[in-house]
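Take a look at the structure set out below.
Taken together, the values in this text are just the output of simple stated rules run on the coordinates, not laboratory data. This is a predicted model, so every value here is computed, not measured. Cβ placement follows ideal geometry from the backbone for every residue including glycine, while neighbour counts extend to all protein chains displayed.
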Amino acid sequence: MKVFIETYGCQMNVGDSEVVLSILEKAGWSRCGSIAEADLILVNTCSVRDNAEQRVLGRLDVFLQEKKRRSGVLVGVLGCMAQRLKEKLLDNAAVDLVAGPDAYRDLPRLIEAVSVSGKQINTLLSHEETYGDVVPVRMDREGVTAFISIMRGCNNVCSYCIVPFVRGAERSRDPRTIVREAQMLVEAGYKEVNLLGQNVDSYCWVNPDDASDRVDFADLIERVALVDPAVRVRFATSHPKDISDKLLHTMARYPNVCRHIHLPVQSGSDVMLERMNRKYTRAHYLERISAIRTILPDCAITTDVIAGFSGETDADHEATLSLFREVRYDGAFMFQYSERPGTKASRHYPDDVPLPVKTARLNEIIALQNGISLEINSQCIGKCYDVLIEGPSKRSDAELMGRTSQNKTCVFPAGGHKAGDTVTVRVLSCTSATLRCELV
Ligand code: SAM
Ligand code: SF4
């Protein structure tokens, strides 16, 4: 029996799909590469913005056509949309089963039950589930870099955000299972591990047998960095209110911990930050940026920002632009505000910035950031970097693509090298997104 899984949304969803494949493989399923071969089509979904949900609804129409073409094909919706829409999804003619983010161990039972008693659903959220003992089936074909989920859920309540509602309360995984997973990945030849959580800085594990044995995120990074000094360690996402000097000093001690921090700011205006319930001010955020620059001078910094949140004035938008000019991010994920049903913002703060204004503000932020990224990348020209090769470049098999410790994408002639090798390159030219390099 063959399963095809399609994944939308963040890296954590990719990690979850790997957990799902592991659970299903144990139950006798094997993975296939297209819906045309599949007996079971799963879609792992994202609810963070409305357009992500619309894309999935469009895909369900395509899956329905496949079900009409080949009888017996089952379709399941997993992840955040499953959790948010619950039974409503079962009204969709394409959908046979719905499983929320904490219900994946139940998938084999749900699948069997569909053939006996029809459509099935499990959207129970858990306070304990971390899938700590599940060894994920890696989806990265080149076997170079792997995600490790170190925690699940989120205890923050940013007023615009659906995540706490669909992923439940924060739970940190036992560090011993995380280190074991990293060791297994190294033994399997992986060269980079990427530790994932909604707010990695609040990772905290207390040994149930000895309350004095307490592991925070800095301790965890150290344990993972020590698994193999030749293996790179990345992590995401950091939270400005929680990122500690202890973490920055630990990173500084371990050269294999990559010099890149993703520190979402969301807005440069204190009025908006308060309304967003982010629990920090612009001044605090800038102080954390300055701590990173002092302790880790070679560290790249990227961010997330939302344009057009409820009540955002021209002055608030200007504050975001001025913060971008001041910080000079290496890169940014930039979004326009999408109201999510059930969030505090949807109940208390009207979605009152007109769409054309949101879009214009977003475009202004994007244009500013693209210019800054290009300037920063231009300063790399002539310099040499160690690059971990991830595979062929998008454009040509004669070229390879890899990343610097700062997470900058480099493209260069293959020169007999392959995925998983680390090579030194010199930067020849750049765009705002890519460094074109030669091997040295
Ligand atoms: N946990 C991370 C954090 O606190 O930054 C990121 C979680 S979220 C999946 C990724 C990004 O989506 C957020 O940083 C935010 O910029 C964006 N986002 C979340 N809710 C949004 C909304 N309602 N509209 C637009 N963008 C949103
Ligand atoms: Fe959402 Fe805020 Fe939690 Fe990030 S920290 S997942 S933005 S509630």
(message) Through the Karplus equation 6.51 cos²θ - 1.76 cosθ + 1.60, θ set to phi - 60°, convert the phi angles of the stretch 20-30 into ³J(HN,Hα) values in whole Hz; use x for Gly and Pro.
(response) 4, 4, 4, 4, 6, 4, 4, 8, x, 8, 10
(request) Can you tell me how much longer the chain between M139 and K2 gets when fully stretched, taken as 0.36 nm per residue apart minus their C-alpha distance, in nm with one decimal? (result) 47.8 nm
(message) Suppose a student asked you for the relative contact order of the chain, using Cα pairs under 8 Å spaced at least 6 residues apart; what percent would you report?
(response) 10
(request) Convert each backbone phi in the stretch 352-359 into a coupling constant with the Karplus relation 6.51 cos²θ - 1.76 cosθ + 1.60 (shift: θ = phi - 60°), then list the ³J(HN,Hα) values in order as whole Hz, x for Gly and Pro. (result) 9, 8, x, 3, x, 6, 3, 5
(request) With no solvent and one equal point scatterer per Cα, compute the Debye intensity ratio I(q)/I(0) for the stretch 45-91 at 0.22 Å⁻¹ and report its log10, rounded to two decimals. (result) -0.79
(message) Can you give me the convex hull volume of the Cα atoms of the stretch 112-154, divided per residue and expressed in Å³?
(response) 147
(message) I need K68, K119 ordered by Cβ neighbour count within 10 Å, fewest first.
(response) K68, K119
(request) Please arrange C410, C158 by counting, for each residue, the other beta carbons lying within 10 Å of its beta carbon, fewest first. (result) C158, C410
(request) In a Gaussian network model over the chain where Cα atoms closer than 10 Å are linked, find which of P264, P341, P208 has the largest mean-square fluctuation. (result) P208
(request) Within the stretch 228-270, find all residues whose amide N lies under 12 Å from a label point positioned 7 Å from the Cα of L286 along Cα-to-beta-carbon. (result) 268-270
(message) At R0 = 41 Å, how high is the FRET efficiency between K26 and A230 if r is their beta carbon distance? Nearest 0.05 is fine.
(response) 0.85
(message) List the residues, sorted by chain then number, that are 5 or more residues from L74 or on another chain and whose placed amide H is less than 5 Å from its amide H.
(response) L40, I41
(message) Quick check on the stretch 191-253: of the DSSP beta bridges with both residues there, what percent are antiparallel, nearest 5%?
(response) 40
(message) Considering only C-alpha atoms, what is the centroid distance from the stretch 302-357 to the stretch 178-197, in Å?
(response) 35
(message) If you average the alpha carbon positions of the stretch 57-87 and of the stretch 103-141, how far apart do those two centres end up, in angstrom?
(response) 16
(request) Return the Rg/Rh value of the stretch 128-274, two decimal places, where both radii are evaluated on C-alpha atoms and Rh is the Kirkwood radius. (result) 0.97
(request) Among D201, D140, rank each residue by its count of other Cβ atoms within 10 Å, from fewest to most, as a rough exposure measure. (result) D140, D201
(message) Kirkwood Rh over alpha-carbon pairs of the chain, then Stokes-Einstein at 37 °C and 0.692 mPa s: what D in µm² s⁻¹, rounded to an integer?
(response) 142
(request) Might you report the magnitude of the Cβ-based charge dipole of the chain about its Cα centre, with Lys and Arg at +1 and Asp and Glu at -1, to the nearest 20 debye? (result) 540
(request) For L435, enumerate residues with amide H under 5 Å from its amide H, sequence gap 5+ or separate chain, H modeled in the peptide plane. (result) T409, C410, V411
(request) Compute the FRET efficiency between E375 and V206 as 1/(1 + (r/R0)^6), taking r as their Cβ-Cβ distance and R0 = 56 Å, and round to the nearest 0.05. (result) 0.80
(message) Of all beta bridges DSSP finds with both residues in the chain, what is the antiparallel percent, to the nearest 5?
(response) 35
(request) Can you figure out the FRET efficiency of H417 with E112, using R₀ = 41 Å and their beta-carbon distance, to the nearest 0.05? (result) 0.30
(request) Take the Cα pairs of the stretch 213-287, get the Kirkwood Rh, then feed it into Stokes-Einstein at 20 °C and 1.002 mPa s and tell me D in µm²/s. (result) 156
(message) Cα atoms only: what Rg and Dmax, in Å, come out for the stretch 320-440?
(response) 19.1, 59
(request) Go through V224, P413, A82 and say which Cα lies farthest out towards the positive end of the charge dipole of the chain; charges sit on Cβ, +1 for Lys and Arg, -1 for Asp and Glu. (result) P413
(request) Please work out how much length the chain gains when fully extended from L64 to D386, using 0.36 nm per residue of separation minus the C-alpha to C-alpha distance, in nm with one decimal. (result) 111.2 nm
(request) Would you please give the residues with an amide H less than 5 Å from that of L400, counting only those at least 5 places away or on a separate chain, with H modeled from the backbone geometry? (result) S393, F412, A414
(message) Looking at the chain as a GNM with Cα springs under 10 Å, which of N407, N207, N277 has the largest mean-square fluctuation?
(response) N207
(request) Treat each spin label as a single point 7 Å out from the Cα along the C-beta direction, and report the K88 to A315 distance in nm. (result) 3.7
